[in-house]
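Heads up: the structure comes next, in structure tokens.
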Amino acid sequence: MKVNAMAFADLVRDLLDGQFTCEELAQRSGLHYVTVLNYTRAMYKTGAIHICAWRMNNHRMYVKKIYKIGDYQDAPKPRKALTHAERSLRYREKKKNDLRQVRIAVL
């Protein structure tokens, strides 16, 4: 049996057992991340898997898809991701408020 076929079988078994992101599936199966991404895209396109939930990344945006076996309706995305300009504005306002807090503490 080919190694890649065994790794793909591990990938499908993991999808049957639980709910994982592509990064987690790559770590568990031993396949490269891009390979797992291509497999999950193909399985999603054919209706073999669905998006059961969304997870935040380090920038607090819901971009990580969590997949599970089954042809069910996808989970709705919790909120629209912020644009770069909106993130920058939120950061500047936070820094401005922090500076005000320091000034109040000094007085």
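We did not get these values from a lab; they are worked out from the coordinates using the rules stated. Quick caveat, the model's predicted, so the values are computed rather than measured. Methodologically, a virtual Cβ is constructed for each residue, glycine included, from the backbone with ideal geometry; neighbour enumeration extends over all protein chains shown.
Below are the figures for this structure:
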| item | result |
| --- | --- |
| Computed label-point distance, nm, for sites Thr83 and Leu99 using a 7 Å Cα→Cβ extension | 2.4 nm |
| Chain lengthening between Tyr62 and Val106 when straightened (0.36 nm per residue, less Cα-Cα) | 12.0 nm |
| Helix axis angle, 84-106 relative to the chain longest principal axis, alpha carbon, degrees | 40 degrees |
| Most mobile listed residue (Leu82, Leu31, Leu11) in the chain, GNM with C-alpha springs under 10 Å | Leu82 |
| Residue-span extension gain [His32 to Asp10] - 0.36 nm each, minus C-alpha spacing | 6.6 nm |
| Calculated FRET value between Gln19 and Thr46, using beta carbons and R₀ = 22 Å, to 0.05 | 0.70 |
| Lys pairs, the chain - Cα-Cα below 22 angstrom, 8 or more residues apart or on other chains | 10 |
| Radius 15 Å from Cβ of Cys22, net charge of other residues (Lys, Arg +1; Asp, Glu -1) | +3 |
| The chain, helix-only ellipticity at 222 nm - DSSP H runs n ≥ 4, -39,500 (n - 2.57), divided by all residues, nearest 500 | -18500 deg cm²/dmol |
